């Protein structure tokens, strides 16, 4: 007798259809699992045997063989427990193959007492089931609300094997719960612009970076507020749409168990000792790395020269393509990686190069070796570089009382010198982002991600601005990438002032944020 059920295993960000084929023959009792199954799946024999008996069914005392086809694909994940258990019930004639609804998929891990445990990556599994034409998805009860985010597929929650048996035989139809999906903020209680004393140039660079989704590098002596500025960026990002929330929830459910809906943009801060696999993704299961977990948010690299050189160089591809491809011997996966890079660094090993109030103790060789940790090609992919100067200590307490200085104003705007507060800056950023969405007709395209081939059409320059940029490109020896990045940054500056075309003053300000050497005092 043969039984056939269907399920899915994840292969990176996508899925692969799996046929669970069962056969039972007379002979010595045995339970064989074949089809290139991982250890997690081979251990399903113990879980399924105990779950069947604990649920009041009889485990057959015959030779059972379960084949996971196609055999050449590595299968992993305890979510195959449920279809394997159903296959055993069909083979032992306790359940009929006709009881299995057509175009249905079964997902769930079984505990020893027969209850169905939640599994990781449920959104990815259900989404791929829908793409493969399935109409029904039987999922663990705790995964139900998350799985319902995928439209046009019926999701049935299952709490136990016995409950599923009663539903399939028509004795007791499962009723979905009424509870709503929990919403989870990835990072809470982040600092805002109002918590930062002084630093108008750093705030301006941060405002431009967020408005146009540009990459930002902040340099300066220790204790000047570089890390605080980076963390404050999260509070200025626009809210996520529902489709973006689903994408983020799908990514996070692939790496760790969560039954919540991710509703806030990510802010990832990996330690400088992070490995290449941790940053890009991979390991044995090809799980997403930090660059993908920062998708639609910020990847914050504090003290970027302290990261391993191979890790930094690996960022070049995702920064350019906004996705990352991870390859192993038998597997390959592509994950989205549309993040904004914000990095900080000291100008030298001691941190005081260029500080007029504190002499630098580093040699020229040490400074050169330290700064060369960030290669030219990587630096060329960073849109804005700003030096964060030391704050006058006498003004710190005054700034703490006022929360912001009324002399710090939104630069180049028509708002008659409004104070540079959190609410004013965020509103200006949201208006600039809305202008970009209307200009490009696509919510996924920002100034920074606009293809180079469309720049001349979508980002017109005045004649004087074009002349200024061409002259600056010759004198500063700008690469082609830097040339176009200057235009993109200038377009963002123009958006912040609601200008329809790029003017010379926008080009001038964009050029001030290009990398330049730091002077020794």
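The values are calculated or read from the model by the stated rules, or taken from the named source; none is laboratory data. The model shown is predicted, which means the values in this text are computed figures rather than measured ones. Positions of Cβ are generated from backbone atoms using ideal geometry, with glycine treated the same way; all protein chains shown enter the neighbour counts.
Residues in segment 128-150 include at least one that is part of a helix (DSSP H, G or I), without any contact (Cβ under 8 Å) to a residue 24 or more places away in the chain and more than 30 Å from residue 29 (Cβ to Cβ).
So which helices (runs of 4 or more DSSP H) are wholly in segment 168-278 and hold at least 3 residues that are under 30 Å from residue 137 (Cα atoms) and at pLDDT 90 or above? Walk me through it before giving the result.
Details: elements: 200-212, 226-232, 242-255.
Qualifying helices (runs of 4 or more DSSP H): 242-255.
Restrict the check to segment 454-461 and report whether at least one residue is touching a residue at least 40 places away in the same chain (Cβ under 8 Å) and touching a strand residue (DSSP E or B) at 6+ places or on another chain (Cβ under 6 Å). Checked segment 454-461: at least one residue is touching a residue at least 40 places away in the same chain (Cβ under 8 Å) and touching a strand residue (DSSP E or B) at 6+ places or on another chain (Cβ under 6 Å).
Residue-wise test of (1) in contact with a strand residue (DSSP E or B) (Cβ under 8 Å, 6 or more places away or on another chain); (2) within 23 Å of residue 449 (Cα to Cα); (3) modelled with pLDDT under 95.
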| residue | (1), (2), (3) |
| --- | --- |
| 280 | yes, yes, yes |
| 285 | no, no, yes |
| 298 | yes, yes, no |
| 302 | yes, no, yes |
| 314 | no, yes, yes |
| 320 | no, yes, yes |
| 324 | yes, yes, yes |
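If residue 399 passes every condition in (1) surrounded by fewer than 19 Cβ atoms within 10 Å (Cβ to Cβ); (2) part of a helix (DSSP H, G or I); (3) modelled with pLDDT of 70 or more but one, which one does it miss? The single condition residue 399 does not satisfy is (3). Of all the residues in segment 108-125, those that are under 12 Å from residue 137 (Cα atoms) and in a loop (DSSP other than H, G, I, E, B) number 1.
The conditions of being more than 22 Å from residue 252 (Cβ to Cβ), assigned by TED's automatic domain parsing to the domain that holds residue 248, part of a strand (DSSP E or B) and touching a strand residue (DSSP E or B) at 6+ places or on another chain (Cβ under 6 Å) are met by residue 344.
The residues on offer are 56, 15, and the sole one that is touching a residue at least 40 places away in the same chain (Cβ under 8 Å), out of contact with any strand residue (DSSP E or B) (no Cβ under 7 Å at 6 or more places or on another chain) and farther than 19 Å from residue 100 by Cα is 56.
Identify, please: which residue in segment 308-334 is without any contact (Cβ under 8 Å) to a residue 40 or more places away in the chain and not in a helix (DSSP H, G or I) and is, among those, farthest from residue 36 (Cα to Cα)?
The extreme case among them is 308.
Exactly one residue among 490, 465, 473, 448 is under 30 Å from residue 196 (Cα atoms), in contact with a helix residue (DSSP H, G or I) (Cβ under 8 Å, 6 or more places away or on another chain), outside the structural domain of residue 207 (by TED's automatic domain parsing) and part of a helix (DSSP H, G or I), and that residue is 490.
Can you pull out every residue in segment 93-113 that is in contact with a strand residue (DSSP E or B) (Cβ under 7 Å, 6 or more places away or on another chain) and either surrounded by fewer than 24 Cβ atoms within 10 Å (Cβ to Cβ) or not assigned by TED's automatic domain parsing to the domain that holds residue 39 (or both)? Walk me through how you get there before you give the answer.
Start the filter on segment 93-113 by keeping residues that are in contact with a strand residue (DSSP E or B) (Cβ under 7 Å, 6 or more places away or on another chain), which leaves 97, 100-101, 103-111.
Scanning segment 93-113 gives 97, 100, 101, 103, 104, 109, 111.
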